Amino acid sequence: MTRAAPGVRGPGLARLIRDLLPYAGLLGVIVFFALSSEYFLNLRNFERLVTDSATLMLVAFGMTMVILLGEIDLSVGAVVSLLAVILAQIMEAGAGWPLAVAAVLALGILIGALNGALTVLGDIPSFIVTLGVMAIATGLAYVFTGAISIAIMSEPFLVLFYDARALGLPVPLLIVAVTFIACLAFLDRTVAGRELFAVGANADAARLSGVPVRRRKIMVFAIMGGLVAMAAVLSAARLGSGAPASVPALTLDAIAAVIIGGASLFGGRASLLRTLMGAALIAVLNNGMVLMNVNIDLQYVVKGMIILLAVVLERLASGARS
Amino acid sequence: MPGWRKVPRVLLELSHITKRFPGVLALDDARFALAAGEVHALMGENGAGKSTLMKIASGLFQPDAGEIRIDGRAVRLSGPASAKAAGIHTVFQELTVLPNRSVAENLMIGREPVRAGGLWLDRGALIRAAQRILDDLGIPLEATAPAGRLSTGQRQMVEIARASAQIPRVLILDEPTSSLGRAEEELLFSLVRRLSERGVGIIYITHRMSEVFALSDRITVLRDGRYVLSGATADLDRTALIRAMVGRDVAEDRHGTADDDLPVVLEVERLARGTAVRGASLSLKAGEVLGMAGLMGAGRTELARLIAGIDRPDSGGMTLFGKPYAPAGIGEALARGVAYASEDRKRLGLVLPLSVADNIALPSLRRLAPLGVIGPNRIAGFARDWMERLGVRAAGPGVAVDTLSGGNQQKVALAKWLATAPRVILLDEPTRGVDVGAKAEIYALIRQLATDGAAILAISSELPELLQISDRIAVMAQGRVAGILPAETATEESLLDLSFTEAAETAA
Ligand SMILES: Nc1ncnc2c1ncn2[C@@H]1O[C@H](COP(=O)(O)OP(=O)(O)OP(=O)(O)O)[C@@H](O)[C@H]1O
Ligand SMILES: [Mg+2]
């Protein structure tokens, strides 16, 4: 998936840096925090880091596919919060956790499909559609809760989706791993997945090749919605509650992970493996900065700068496109 | 006038140029010299290194070795800006017209007239200046028209106008006519002649023999990145030129035989859509190549799009293998065995950043994987097979299509459709930008497909090509099929005659 715009001189170095960024960056922050914080390099912290980052990972995988299509989804953070709230309320109303989880998954897929359908059928840029949906989801989460968080009492739910282990691994990690492999197989080995690359890079040519471009877009947004719902389940289990603003930086972090992974915001190029590295980098950064008591606002500044750096590198690497 | 000029002054000289890309030696000790006021054709097979050499002359690529001299002085062209400063302007194979700007804005880009010390864009002056340039060059375009609505040919005219307006000393045209119709082609030729009379040195890359002999004073031939020969056009003939380019002789004879007994596969009856197609009728037969001639705007591409299910007709109907055929979309057309290879390979034909393999397999994925699951090795293997059949020159199926030379991209654009195993094949300008050797290969391939029983419609603006590949030739004019001639007896004149048919005459 290399992009070589004709007539571009010397993007080689920028491309090399872009391609190495997620790996080198990840290694860099690990070494940095290992040296600066005595709490960083131990198994307990590492395990916490991994379980904490499960929400981000799932959303970042979905975001990779959305960005691969040249679209964006700004609603993910808000929708995770809304779904976590709804999940908590369903259980509060006395329903069992399997029903609540199933309902939230269905709702997530529905919201995602709605994002996609509005974008495609209304011919509206996805960042506008999802910005609107973000506002609605945030608003509804506050309306439903009256701005307070709803505790989840279901012990089996909390254990299963946070504390439990299977095959010696924490369940959230296992869910992330399975999702990752499923997404990888989807993109790499299915007709629909291969078609996404073509849709993202040249939708007109894809359409003329018989690819149902609109259906593919709606499908990807729906998958994103499903992943967002799963992320809401894990996030609610981790926090033990559904709160209207439970994961404030999630959208930013997910987009950052994909960009650090070297994806093109214009579509056509993105890689799940590199997103995984990008998300891990963000997760380590979040964890490390908390350990070092970095002010939350300053954390945003650091992440914002990393995103910009990654975007600039991507532009340099793919050359000035006409 | 070709051949002699009083003491040709060498304007631009490239010598011992070597350029290596990963896995490819694109130029190997190549040389080229251009005199002021001459039209110099640069020829060679696809991938011979023509475009690469010209990108070096326009500062886009740095050579790995070699020397560039302008007016006898060695220079370093560090970028497009420094080449332009030296008076070298280029119109590339890949067009760079911005679709969401007007013609005027595209023409004047970087040189917009401003007021109040650069704060205020003078729109009126911009449009007037642009219109003056267009009129001066005799280009029939409105400066205010949005560039996005222009045809590929018209975009090309805008590019050429942009370069010529900057008073170049050297003007490089990389396959300028590959998307021009006949009228625009004439326009371009007179433009080129006018500029060369003003002393501009013109480098002209094309694969069309007729143009080279009509237009150029000198010819330089490259093969596999190496210099082969350079000489006055008057001293060279077609056969010698082809041998220099390809390294062997290429057969150029007509195949066509119209056969009335072949079974009809596709019947098109009074198909109409908008103002482009106004009641076109024709039939395609198994085993036959129906050529299609016509002027730009005659509705040939639009008709093909209707047959391919890309657009829906307003009226009229089609029958495919005796059954009604009204495709609701491309998917349905493909499933019923109808494939359309677009004339616009960059925008509609190929997904340039993706690999050769992904491009070739794209329309076939569903057929290859009825359950929706397919491995990368399967895709690569499938593509490799088709690359071999069409002789695509590339390092492998995994390389991005946009690193291929123009002609090899065209072969990939054809391969992806042939790979769908179609029974009706609509080819829109199938040899655009393809060299003589590869052209002969593609002609043979088209013939083979017909022999294997496919029904083929081949749209082309090159009449010699149509005469060579077709069994019958349909001529479209003003949205209708003005007539169908057997290729054996058709001539360029008789085809042209029909192309100028007025609408009233065909409204039978
Ligand atoms: N940016 C690039 N990266 C890698 N290889 C390249 C690049 N540009 C050109 N090449 C390779 O260099 C060789 C020469 O290509 P070039 O485009 O100069 O051929 P050409 O003579 O213009 O052919 P055509 O007639 O098909 O346009 C080809 O093998 C091509 O694949
Ligand atoms: Mg070329």
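The values are calculated or read from the model by the stated rules, or taken from the named source; none is laboratory data. Just so we're clear, the structure is a prediction, and the values are computed from it rather than from any experiment. Heads up, the Cβs are rebuilt from the backbone with ideal geometry, glycines too, and the neighbour counts pull from every protein chain shown. In case anyone asks, the SASA skips ligands and DNA or RNA and just uses the protein heavy atoms, side chains included. Shrake-Rupley method; radii C 1.70, N 1.55, O 1.52, S 1.80 Å.
For B:Arg366, the criteria (1) within 11 Å of chain A (Cβ to nearest Cβ); (2) open to solvent by 40 Å² or more (accessible area, probe 1.4 Å); (3) touching a strand residue (DSSP E or B) at 6+ places or on another chain (Cβ under 9 Å) hold in every case but one, which is (3).
In summary, strands (runs of 3 or more DSSP E) completely within segment B:19-115 and bearing 2 or more residues that are over 26 Å from the mean Cα position of the chain (by Cα) and without any contact (Cβ under 8 Å) to a residue 40 or more places away in the chain occur at B:73-75.
Within segment A:196-212, track down each residue that is in contact with a helix residue (DSSP H, G or I) (Cβ under 6 Å, 6 or more places away or on another chain) and buried (at least 21 other Cβ atoms within 10 Å of the Cβ). Within segment A:196-212, A:Leu196, A:Ala198, A:Val199, A:Gly200, A:Ala205, A:Ala206, A:Leu208, A:Ser209, A:Gly210, A:Val211 qualify.
For segment B:370-389, how many residues are part of a helix (DSSP H, G or I) and β-branched (Val, Ile, Thr)? Break it down stepwise before answering.
Keep residues of segment B:370-389 that are part of a helix (DSSP H, G or I), which gives B:376-389.
Next, only the ones that are β-branched (Val, Ile, Thr) stay: B:379.
Total satisfying the criteria: 1.
Among the residues of segment B:185-207, those identified as crowded, with 21+ Cβ neighbours inside 10 Å and in a loop (DSSP other than H, G, I, E, B) are B:Val200, B:Thr206, B:His207.
Restricting attention to strands (runs of 3 or more DSSP E) lying wholly within segment B:215-334, give those where 3 or more residues are farther than 30 Å from B:Asn46 by Cβ and away from every other protein chain (no Cβ under 14 Å). Give the derivation first.
Details: elements: B:218-223, B:226-232, B:264-273, B:277-285, B:289-294, B:315-320.
Output list reads B:264-273, B:277-285, B:315-320.
Between B:Leu371, B:Leu390, B:Leu467, the distinction of being free of Cβ contacts under 8 Å to residues at least 40 places away in the same chain and either surrounded by fewer than 24 Cβ atoms within 10 Å (Cβ to Cβ) or of a type in the set (Gly, Ala, Ser) (or both) belongs to B:Leu371 only. When B:His40 is tested against (1) open to solvent by less than 10 Å² (accessible area, probe 1.4 Å); (2) at pLDDT below 95; (3) more than 10 Å from ligand 1 (Cβ to nearest atom), just one condition goes unmet, and that condition is (2). The set of residues in segment B:423-440 being outside any helix (DSSP H, G or I) and within 11 Å of ligand 1 (Cβ to nearest atom) consists of B:Arg432, B:Gly433, B:Val434, B:Asp435. Considering (1) out of contact with any Asp or Glu (no Cβ under 9 Å at 6 or more places or on another chain); (2) aliphatic (A, V, I, L, M); (3) more than 11 Å from chain A (Cβ to nearest Cβ); (4) more than 29 Å from B:Thr206 (Cβ to Cβ), the lone condition that B:Val373 does not fulfil carries the number (3). In summary, A:Met219 fulfils each of the numbered conditions (1) within 18 Å of the chain's Cα centre (by Cα); (2) modelled with pLDDT under 95; (3) within 13 Å of another protein chain (Cβ to nearest Cβ) with the single exception of condition (2).
Only residues that are hydrophobic (A, V, I, L, M, F, W, C) and away from ligand 2 (no atom under 16 Å from the Cβ): list them for segment B:181-205, please. Working first, answer last.
So in segment B:181-205, the residues hydrophobic (A, V, I, L, M, F, W, C) come out as B:183, B:187-189, B:191-192, B:195, B:200, B:202-203, B:205.
Within segment B:181-205, B:Ala183, B:Leu187, B:Leu188, B:Phe189, B:Leu191, B:Val192, B:Leu195, B:Val200, B:Ile202 meet the criteria.
Selection within segment B:156-184: residues that are among the aliphatic types (A, V, I, L, M) and assigned to a loop (DSSP other than H, G, I, E, B). The member of this set that is least open to solvent (accessible area, probe 1.4 Å) is B:Leu180. Just one of (1) within 13 Å of the chain's Cα centre (by Cα); (2) open to solvent by 10 Å² or more (accessible area, probe 1.4 Å); (3) away from ligand 1 (no atom under 16 Å from the Cβ) fails for B:Gly153. It is (2).
For segment B:441-453, the count of residues that are within 14 Å of the chain's Cα centre (by Cα) and either within 15 Å of ligand 1 (Cβ to nearest atom) or not charged (D, E, K, R) (or both) is zero.
The combined condition, being open to solvent by 30 Å² or more (accessible area, probe 1.4 Å), part of a loop (DSSP other than H, G, I, E, B) and more than 26 Å from A:Glu47 (Cβ to Cβ), is fulfilled by A:Ile148.
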